[in-house]
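Report on the following structure.
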Amino acid sequence: MKLVQYSIHNRRRYGIIKENTGIIDLFLRLGDRYPTLKSLLENNALPEAATFRYDNPDHDIQAIPFLPVIDEPGKIICAGMNYAEKRKEFNEINPAPTLFIRFPDTQVGHNSVLLKPNNTCEFDYEGELAVVIGRRCSHVSEEQALSFVAGYSCYMDGSVRDWQHTWYTAGKNWPSTGAFGPWLVTADEIPEPQNIQLVTRLNGREVQRDSTANMIHSIAFLIAYISTFTVLSAGDVILTGSPGGVGKKRTPPLFLHDGDVVEVEIEHIGVLHNVVRDAGYTDAAAMLV
């Protein structure tokens with residue numbers, strides 16, 4: 001299934017994407033028990049949701065504003081330097097996983113506006129595969145790790161490079177700098193997540209391309225490693241790293257500016273599409289792009 005969170009009359013809803021054109025509103029059917037997609041996962045209710053997948057759609061997909069796939073995750077844990085080409089670009093030699101945190105309130109959804117902070121001239125793109133946890137896990141083995149995954153999505157993990165300083169937190173947590181979507185594809189539809197293609201485009205130009213097969217630390221390893229030091233809960237998100245080709249390491253550098261269009265496409269999932277605007281952009285009617 002493809003599951004999506006969206007807004008109707010400024011109220012959060014979630015549903016099933018049907019034939020890429022319509023949405024079956026699960027809030028109408030299950031909202032009294034599971035008011036959000038996160039709560040659906042917390043209650044292991046994906047099989048219950050699936051019983052409605054043949055219903056007629058309630059909404060036209062073109063008519064709704066998308067929200068982040070999980071807009072209030074308990075944790076967003078990000079893996080940096082996790083592709084061979086990216087490590088070469090940044091001369092990274094430490095074999096341990098590079099982990100940092102992104103705050104939930106920095107996210108926007110598919111077709112929403114990414115905000116370039118006024119304090120930077122180095123707002124960079126990073127396309128990534130996002131993993132959404134489906135069940136609580138702690139000290140899980142690498143062999144069992146993928147069984148705790150609810151599904152996968154695309155992420156544009158925007159980086160404010162000149163605010164990363166000695167670590168990443170300050171460069172990763174400006175408002176509306178991370179995009180999450182367009183939807184969650186459940187794990188049963190991607191049985192081999194470690195061998196799918198990821199492409200990032202800037203204004204139609206391909207700027208990143210790699211396979212998840214080239215991750216240094218696999219998805220299963222990351223889940224096992226992270227669950228060793230913190231409990232992972234349903235709805236938590238792990239960002240698995242960005243391939244090489246980022247703007248910071250190009251000659252000349254290639255950064256994001258007002259009006260740029262960024263797309264992250266991942267095989268078997270879809271295309272996450274966002275437009276960049278300068279911070280201070282407040283035209284709510286134009287937030288659908």
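At-a-glance table
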| read-out | value |
| --- | --- |
| Sites Phe103 and Arg33 - FRET efficiency at Förster radius 25 Å, r taken between beta-carbons, to 0.05 | 0.30 |
| Under 9 Å, Cβ to Cβ, from Arg161 - net charge with Lys/Arg +1 and Asp/Glu -1 | -2 |
| Per residue accessible area of region 147-220, 1.4 Å probe, in Å² | 36 Å² |
| Sites Asp60 and Ala213, calculated FRET efficiency, Cβ-Cβ separation with R0 41 Å, nearest 0.05 | 0.65 |
| Greater than 24 Å apart at Cα, pairs in Lys2/Lys116; Lys2/Lys88; Lys38/Lys75 | Lys2/Lys116; Lys2/Lys88 |
| Net charge over other residues, Cβ less than 10 angstrom from the Cβ of His273 (K, R count +1; D, E count -1) | -1 |
| Per principal axis, descending, Cα span of region 89-140 in whole Å | 41, 32, 17 |
| Within-12-Å neighbourhood charge of Lys248 [Cβ basis; K, R +1; D, E -1] | -1 |
| Two-site FRET efficiency, Thr166 against Arg11, from Cβ-Cβ distance with R₀ of 41 Å, rounded to 0.05 | 0.45 |
| Sulfur and carbon atoms: percent of accessible area, region 3-118 [1.4 Å] | 48 percent |
| Helix-derived mean residue ellipticity, 222 nm - over the chain, DSSP H n ≥ 4, -39500 (n - 2.57), to 500 | -3000 deg cm²/dmol |
| Carbon and sulfur %, accessible surface of region 154-243 computed with the full protein complex present, 1.4 Å | 54 percent |
| Cα Rg, Dmax, region 36-110, angstrom units | 18.3, 53 |
| Debye equation applied to the C-alpha atoms of region 1-49, log10 I(q)/I(0) at 0.16, 0.18, 0.21, 0.32 Å⁻¹ | -0.39, -0.49, -0.66, -1.34 |
| For region 1-49: accessible area per residue (Å², 1.4 Å) | 47 Å² |
| Relative compactness, region 144-289, computed as alpha-carbon Rg over 2.2 N^0.38 Å | 1.11 |
| Pairs of Cα atoms farther than 30 Å apart, the chain, % | 26 percent |
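The values are calculated or read from the model by the stated rules, or taken from the named source; none is laboratory data. Just so we're clear, the structure is a prediction, and the values are computed from it rather than from any experiment. We place every Cβ from the backbone using ideal geometry, glycine too, and count neighbours over all the protein chains shown. SASA here: full protein model, heavy atoms, side chains in, ligands and nucleic acids out. Shrake-Rupley method; radii C 1.70, N 1.55, O 1.52, S 1.80 Å.
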